[in-house]
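One structure below.
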Amino acid sequence: MKKSSFVAMVLGTVSAVLFALGMCMALISEWNAFKSGIIFGCVGLVLGLVTLIVWRKMEHKQPIHISGKAVLTVIVGVVGALALGVGMCFSMVWDKMVMGIIIGIVGIVILLCMIPLTKGIKD
């Protein structure tokens, strides 16, 4: 394993754990830790961005250039993930199985649209 991959794996894991713990602290009302949960979540997000920057620097890659295609890709990914998550909530939390399955499938289709968006379609 390359040194850059190991560093990215460790930093990414720590940032994901901090973000997940922060979101649990903020969203589970029984914990009474909303403000500290928001802080933990933000620290996790910032550490995730630092991880990306450090990994790209260690791999000697150019900084990410923000273009219209990059913004569209992020928007499509976020919308697809949210639709899939809402479908799961409909099915598992709100006991609306059919509606949840339909919304979840729409989310999966949106996420599948990212393949031609990022890789393109070739003959």
Inside the range 29-56, the number of residues satisfying the requirement of being farther than 20 Å from Leu18 by Cβ and either surrounded by 13 or more Cβ atoms within 10 Å (Cβ to Cβ) or outside the structural domain of Val17 (by TED's automatic domain parsing) (or both) is 1
When you check Asp123 against the structure, is it loosely packed, with under 12 Cβ neighbours inside 10 Å, within 25 Å of Met23 (Cα to Cα) and not β-branched (Val, Ile, Thr), yes or no?
no
Going through the range 64-120 in order, the residues found to be of a type in the set (Lys, Arg) and either surrounded by fewer than 13 Cβ atoms within 10 Å (Cβ to Cβ) or assigned by TED's automatic domain parsing to the domain that holds Val50 (or both) are Lys69, Lys119
Would you pick out the residues in the range 1-35 that are in contact with a Gly (Cβ under 8 Å, 6 or more places away or on another chain) and either assigned to a loop (DSSP other than H, G, I, E, B) or without any contact (Cβ under 8 Å) to a residue 24 or more places away in the chain (or both)?
Leu21, Gly22, Met23, Cys24, Met25, Ala26, Leu27, Trp31
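The values are calculated or read from the model by the stated rules, or taken from the named source; none is laboratory data. Treat the numbers as computed from the prediction; the structure is a model and nothing was measured. So basically every Cβ, Gly included, is an ideal-geometry build from the backbone, and we count neighbours across all protein chains shown.
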